[in-house]
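Student: Quick one: structure below, then a few questions.
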Amino acid sequence: MEKREQLYEGKAKKVFATDDAELVIVSYKDDATAGDGAKKGTIRGKGVVNNRLSNALMQKLAAQGVPTHYVRELNDRETLVKKVEIVPLEVIVRNVAAGSFSKRLGVAEGTPLRCPTLEFSYKNDDLHDPLINHYHALAMGLATQEEIDTITAYAFKVNGLLREVMLEAGIRLIDFKLEFGRLPDGGIVLADEISPDTCRFWDAKTNAHLDKDLFRRDLGGEEDAYREVMRRLLG
Ligand code: ADP
Ligand code: UDP
């Protein structure tokens, strides 16, 4: 597999072309941003943790019937994935109130929700990823009804599987964000990443944050927390 030109540089990852038009290489950086880009910094070792963790979790999900973009881990920071057309929706699943949900709806952070809930944001940096409903997504042509049904079913399935995997490692899955993509044949697969950057993980005993909130909220200890999540899940 030959690495070719850089196609894209995002806030946390770079994407490179390969000699196969259907495959790209994602390269995970240590760069971290928060507050819509207002805070910028580095979490040392984050790229390695997110790459390895995301790959391990996606392999588990694939084995349980959730198709993903994952193909092969190339090294500590780089992974070969199927190139997809990203559906411009951030799909957020929540088990416990936190973050924007708590702020917007006045539900104290840490309040367990009566059932898992799901919301969509329109993935658009200029508009600051606004919350939308599924009718908006349909009306704007962001996805078809069939795609939204598939994405919703996969997202709740990921929640059930991921909750179990995390709890075995002594971690509560509070909420998380997923992105999905379209393969050339139109099939929907889970893409992007699943990591402490994109999930809220709380220690099952102490409720200590083991995720990017440590960085977002200037709490400190994020490097150790990322390493700890990797240690608990991958040994
Ligand atoms: P951002 O674009 O929000 O700054 P990243 O730094 O994580 O985010 O950049 C990675 C980019 O690659 C994102 O835009 C993401 O949607 C996209 N992406 C993730 N997986 C794939 C894939 N399999 N094929 C094509 N693009 C992908
Ligand atoms: N999230 C993410 N990327 C985003 C927004 C949110 O990965 O651009 C994740 C975040 O890590 C959390 C979940 O989605 O696990 C819900 O985030 P929330 O809506 O509460 O937003 P925040 O409080 O981060 O602004």
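Student: Which one is nearest to ligand 2 (Cβ to nearest atom) among residues in the stretch 173-209 that are without any contact (Cβ under 8 Å) to a residue 12 or more places away in the chain and over 29 Å from Arg227 (Cβ atoms)?
Tutor: My answer is Gly186.
Student: Continuing with this model, one more query. Quick one: would you say Phe180 is open to solvent by less than 40 Å² (accessible area, probe 1.4 Å), at negative phi and modelled with pLDDT of 95 or more? Show your work before the answer.
Tutor: Working: open to solvent by less than 40 Å² (accessible area, probe 1.4 Å): yes; at negative phi: yes; modelled with pLDDT of 95 or more: yes.
So Phe180 fits the description; yes.
Student: Hey, could you check the stretch 29-62 for residues that are of a type in the set (D, E, K, R) and farther than 24 Å from Lys157 by Cβ and say which is least open to solvent (accessible area, probe 1.4 Å)?
Tutor: So the residue we want is Lys46.
Student: How about the stretch 10-23: which of its residues are touching a residue at least 40 places away in the same chain (Cβ under 8 Å) and either open to solvent by 30 Å² or more (accessible area, probe 1.4 Å) or under 23 Å from the mean Cα position of the chain (by Cα) (or both)?
Tutor: Answer for the stretch 10-23, where residues must be touching a residue at least 40 places away in the same chain (Cβ under 8 Å) and either open to solvent by 30 Å² or more (accessible area, probe 1.4 Å) or under 23 Å from the mean Cα position of the chain (by Cα) (or both): Ala12, Lys13, Ala21, Glu22, Leu23.
Student: Taking the options Val81, Val96, name whichever one is away from ligand 2 (no atom under 15 Å from the Cβ) and either under 23 Å from Phe180 (Cα atoms) or open to solvent by 50 Å² or more (accessible area, probe 1.4 Å) (or both).
Tutor: Just a single option satisfies the conditions, and that option is Val81.
Student: Do the conditions hold for Val26, that is, is it β-branched (Val, Ile, Thr) and open to solvent by 10 Å² or more (accessible area, probe 1.4 Å)?
Tutor: Answer is yes for this residue.
Student: So, one more: Within the stretch 126-158, count every residue that is touching a residue at least 12 places away in the same chain (Cβ under 8 Å) and either farther than 20 Å from His69 by Cα or not in a helix (DSSP H, G or I) (or both).
Tutor: Residues flagged as touching a residue at least 12 places away in the same chain (Cβ under 8 Å) and either farther than 20 Å from His69 by Cα or not in a helix (DSSP H, G or I) (or both) within the stretch 126-158 amount to 11.
The values are calculated or read from the model by the stated rules, or taken from the named source; none is laboratory data. Since this is a predicted model, take the numbers as computed values, not measurements. Reconstructed Cβ throughout: ideal geometry from the backbone, glycine too, with neighbour counts over all protein chains shown. When the accessible area is computed, the model is the full protein with side chains, heavy atoms only, and any ligands, DNA or RNA have been set aside. Shrake-Rupley method; radii C 1.70, N 1.55, O 1.52, S 1.80 Å.
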